[in-house]
1. Skipping prolines and chain starts, which residues have an amide H placed within reach, meaning under 5 Å, of the one on E30, given they are 5 or more residues away or on another chain?
2. First compute the accessible area of the range 1-40 with a 1.4 Å probe, then give the percent of it belonging to carbon and sulfur atoms.
3. Note the full-extension length gain between S135 and L57 as 0.36 nm times their separation in residues minus their Cα-Cα distance, in nm to one decimal.
4. Given a Förster distance of 30 angstrom, what is the FRET efficiency for E91 paired with L65, based on the Cβ-Cβ distance and rounded to 0.05?
5. What are the residues whose amide H is under 5 Å from the amide H of L14, where those residues sit 5 or more places off or on another chain and H is modelled from the backbone?
6. Ordered by residue, what ³J(HN,Hα) values in Hz, to whole numbers, does the range 99-108 give under the Karplus form 6.51 cos²θ - 1.76 cosθ + 1.60, where θ = phi - 60° and Gly and Pro are x?
7. Label T17 and V114 with points 7 Å out from Cα along Cα→Cβ: what is the distance between them in nm?
Amino acid sequence: MTTPPVASDLGLCLCHTCGLACDISHGAHECERCGAPLHPRKTNSLTRTWAYLLTSLVFYIPANLLPVMNTKMVGNGADSTIMSGVLEFWEAGAWDIALIIFIASIAVPGIKFVAITLLLVTVQRDSLWARKERSKLYRFVEVIGYWSMLDVIVVALVASLVKFQALADIEPRPGILFFGLVVVFTMLSAMSFDPRLIWDSPDERPQFEEVKDEATSH
């Protein structure tokens, strides 16, 4: 059974701006439809992905240790971290909200950290293991990434609702800022990773670097 050809074998490159499959076999460096520069692979993909991922890991620590909101009831205030907020909702009988916040704020970032690290390590080791499954894993990371902001939205909605009550008040705390930064940098790390590297063999990458350098010089 022969291996099906990939885009590089056919001299094709996908434009990241308009999505057109462009013919680069004759040295084209710009999209023939929109004029955007063509990049066979994302520039410095692995380096930028590692940088964004490690930055998000640094911010993940204060995001979980610092309070995300302060709740005042009849003059008495109390700070709440993400996990303590989950426990409070659970003890109050709102297990569905507690489960949603736990999945969006604790589980999803953890899954993304593990998944992106796995993709980076396997690509750098030139692993041939489960290429198709790793490509699906990357698409899964892209899909769930946007739901990580759910905790920030929940805090904003709860705060706006409580504002209508005269005896209660909710204010955001620094933890919510760090959590927002975690979400942003994990999304940037997923966007920086080039899933086509999963399918590249080691001897193909220098070729892509040469094409990238030629395109930059033009």
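1. Here the answer is L38, since their amide H atoms fall under 5 Å of that of E30.
2. Working: 1580 of 2760 Å².
Ligands and nucleic acids excluded, carbon and sulfur give 57 percent.
3. Working: separation 78, 0.36 × 78 = 28.08 nm, distance 2.29 nm.
Contour length minus the Cα-Cα distance gives 25.8 nm.
4. Working: r = 21 Å, r/R0 = 0.70.
Computed FRET efficiency for E91 and L65: 0.90.
5. Those qualifying (amide H under 5 Å, at least 5 residues apart or on another chain) are C22.
6. Per residue, the Karplus-derived 3J(HN,Hα) values read 5, 5, 5, 4, 5, 6, 9, 10, 6, 4 Hz.
7. 4.0
The values are calculated or read from the model by the stated rules, or taken from the named source; none is laboratory data. Just so you know, these numbers come straight off a predicted model, no measurement behind them. Every residue, glycine as well, gets a Cβ built from its backbone with ideal geometry; the counts of neighbours run over all protein chains shown. Ligands, DNA and RNA are stripped out before the accessible areas are found, and what is left, the full protein with its side chains, is counted by its heavy atoms. Shrake-Rupley method; radii C 1.70, N 1.55, O 1.52, S 1.80 Å.
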